[in-house]
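Below is one structure, written out as structure tokens; comments come after it.
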Amino acid sequence: DDDLLLPYTKSHGPSHSHRHVRDCQSVAHGNVTQETWAASKHSNSPVFKSNMFISDITDDSGVHRWVSGHITEVHDPLRSVSVLEPGGPGGCEWSHRELVELTAKTRKCLIAQNGGFFDPDNGQCLGNIISDGKLVRNSRGIQNAQFGIRKDGTLVFGYLSEDDILDQVNPFVQLISGVVWLLRNGEIYINESIQAECDETQKTGKFQYFVDVISARTAVGHDAEGKLILFHVDGQTDVRGMNLWQVAKFLKEQNVLNAINLDGGGSATYILNGSLANYPSDHCKLPKWRCPRAVSTVLCVHER
Ligand code: NDG
């Protein structure tokens, strides 16, 4: 455990193999880095506003690419946002995988996006999961970027210890884990995330590749008003879409203050009013068509 406390610099930084051990150790007690914000409570404005974008993104080598996706602004997230288990309550217990469209029906979601990472081999839900006040999964303090809503409406972004997850004074009512804290207080926090996080939660190659490759992506964040911001961009790993630097910059330009990256690639799914409203990258059985993937947890926006 002492290894956790060792300061290190770039010049004598740990090798990759050491990093695995350190990053994926649990943090049981104490305060870990996080940011909090009061959720907006506009009770007379519509629950959400969905915005579409088609944007020209320039990469470091000056190459232009067109990407498309949605930014959904959610008012009153304490009452209108839920983390859902795949297929409904109990889905994580038997490592179920389900289409977002079907999971969304179980809670009458107006908007739904895929959420947490899962083990593609056995379907196991990964990270911490609290769904409508029920503790579904405790990752025992494994360090990955978290998004949660506490009972009093506080939005929480960042890293949590096991104690934080089990807190009963102002408990989390919704909680989900991503990989990479994209924006912290309006600043890009990717390099810090690469140092701090467990990269075994994601399976798109080594951590640096996962960050740098263009792909379909999803993210969740908040703005200064306390609105929750859901983001998705379509893509296909190494072919189309955005890398995490581009997602962070894009969200920053939309005045998002804190944001974490959720599951992407073939998992990236956007459901609007019960129907698929994006272009997922997985091929169907008949490879000329594209099909949405059966995934793990879902972020759901519903009536209050
Ligand atoms: C997606 C993810 C992959 C993850 C898998 C299951 C991206 C680019 O879903 O990392 O392991 O959660 O987010 N890919 O394929």
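Bear in mind that the values in this text are calculations on the coordinates, not laboratory data. Since the structure is predicted, the reported quantities are computational estimates derived from the model, not experimental observations. Backbone-built Cβ (ideal geometry, glycine too); neighbour counts: all protein chains shown.
Points to keep in mind about this one:
- All Cα pairs of the stretch 221-304, percent lying beyond 16 Å: 59
- Formal net charge of residues neighbouring I165 (Cβ-Cβ distance under 13 Å; K, R +1; D, E -1): 0
- Of the trypsin sites (Lys or Arg not before Pro) found in the stretch 120-150, no site is in coil according to DSSP while having at most 10 other Cβ atoms within 10 Å of its Cβ.
- Descending by average beta-carbon neighbour count within 10 Å, the peptides 122-131, 85-94 line up as 122-131, 85-94, the highest first.
- Set of the stretch 170-187 residues, backbone N closer than 12 Å to the point 7 Å along the Cα-Cβ line of D152: 170-171
- Pairwise label distance in nanometres, C291 with W245, each label 7 Å out on the Cα-Cβ vector: 3.6
- Prolate/oblate/rounded call for the stretch 65-139, Cα gyration tensor, a/c under 1.5 rounded: oblate
- Distance between modelled label sites at E253 and N122, nm, 7 Å Cα→Cβ extension: 4.3
- Highest-first arrangement of 59-66, 223-230, where packing means the average Cβ count within 10 Å: 223-230, 59-66
- For the stretch 143-260, the normalised intensity computed at q = 0.20, 0.21 Å⁻¹ comes to -1.10, -1.19 (log10 of I(q)/I(0), Debye sum over alpha carbons, equal scatterers, no solvent).
- For K41 and E187, a Förster radius of 30 Å and the Cβ-Cβ distance give a FRET efficiency of 0.65, rounded to the nearest 0.05.
- Sequence ranges 184-193, 97-106, 257-266, ranked by mean other-Cβ count within 10 angstrom, highest first: 257-266, 97-106, 184-193
- With eigenvalues of the C-alpha gyration tensor scaled by 5 and rooted, the chain, Å: 26, 24, 20
- Label-point separation, Y209 to K108 (7 Å along Cα→Cβ), nm: 4.5
- Among the listed pairs K49/K105; K134/K206; K49/K134; K134/K203, those with a Cα-Cα distance over 23 Å are K134/K206; K49/K134; K134/K203.
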